[in-house]
């Protein structure tokens, strides 16, 4: 093997996508147990590798030289073979620095709480301290320089950085801290990149706190590793290109808005233009229960919303898709959070006077009920969306893609 990634488990790694997008060499994913890791490092049959959990410290005894940053952190994530001698580096340092710089995070003089005490915690703490921050570690097992989570509110940090796996796929929807711990916090960084937005960063976003996730860190550290592999520089523009390309490949486009605003039509057109899979939550509900109007009449709106929530939760694992939601999907916070984890939410707004009531829809069958639903939901649509898109005209632009819609769009 020339280049690749080693770790205990790599089923959801994006590393191959990133390195392949650079186009300079082949790159393999190599999951292995600890015995396999020992044999692999002893054989040194590679030109360069990245190292992930749980081997960032365990590869160190096999190295002939370690750079100063990796030595001070005590963790290595990149190894280069030069004439049979193995050199260790920590490019996560650059990934963290680049992410924080890109997000506009000011560290000097700030009180930073770093959640977790593992290898990534050491890297994040090192970056923060070298930038002049006052760093406190927070752990489930306090002691040896780490505070307990119950002490976090008393610390009153300016910045919180999560380096634990809490909230990572597939166990999403949980946060290492309660929302009350975010009082007074100005910035939150979560190194998790799957999902793109964790419960922690969504909690912060709802409070108007600036956030950053781990995907840009992943791309940036990979580009620094590529420079070590090949000896050729990778510019900032190339890093940004690969990041944006990966983001567009894995992030969902989620469409919300009133019935009749055009979500289904716009979604299908976007799906065709982007070559992305398309999911319509109302259609998926019909596959489960049959006619939605009949189901609502027979079982009530609450039962329908339960089915809707189950359908939306089932979409949490899809990536790079276009998702059109029912008009009332945003009424439940759990739905919004599921959709926002890996999606950018676009509220399709259409002049309510131009939306024709549909007698087949029991919740908005006439003008009066349509207006009532709109007044109930308008604030929620706007608050939960990342972008508001006017779809009153014949052309609609979503996520940089413009599509032409007919006079009477669906849904």
statement: In vacuo Debye sum over C-alpha of the range 111-164, base-10 log of normalised intensity I(q)/I(0) at q = 0.13, 0.16 Å⁻¹, listed in q order, is -0.25, -0.38
field: Stokes-Einstein diffusion coefficient of the range 228-317, Kirkwood radius over Cα pairs, 4 °C, 1.567 mPa s, in µm²/s
entry: 80
- line: Relative to the compact-globule estimate 2.2 N^0.38 Å (N residues), the Cα gyration radius of the range 159-262 stands at a ratio of 1.29
Cα-based helix-to-principal-axis angle, 301-314 vs the chain, degrees rounded to 10: 30
- prompt: Which percent of the Cα-Cα distances in the chain go past 40 Å?
  reply: 27
task: Taking only the C-alpha atoms, wrap a convex hull around the range 21-130 and report its volume per residue in Å³ as a whole number.
output: 124
- prompt: In degrees between 0 and 90, to the nearest 10, how far off the longest principal axis of the chain does helix 215-230 point, with axes built from Cα atoms?
  reply: 40
- request: Could you give the C-alpha radius of gyration of the range 282-356 expressed as a fraction of 2.2 N^0.38 Å, taking N as the number of residues it contains?
  value: 1.17
Principal-axis tilt of helix 236-250 within the chain, Cα atoms, nearest 10 degrees: 50
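Within a 10 angstrom radius of the beta carbon, how do 189, 40, 169 rank from fewest other beta carbons to most?
Values: 189 27, 40 19, 169 16.
Final ranking by Cβ density, sparse to dense: 169, 40, 189.
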field: Convex hull (Cα only) mean projected area of the range 94-213, reported in nm² to one decimal
entry: 6.7
statement: Listed with the fewest Cβ neighbours within 10 Å leading, 34, 57 appear as 34, 57
field: the range 275-325 - Rg over Rh from alpha carbon coordinates, Kirkwood radius
entry: 1.02
query: Based on Cα positions only, what radius of gyration and what Dmax would you give for the range 251-404, in angstroms?
result: 14.5, 42
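None of the figures in this text is laboratory data; all of them are computed from the coordinates on show. None of the values given here were measured: they were computed from a predicted structure. Backbone-built Cβ (ideal geometry, glycine too); neighbour counts: all protein chains shown.
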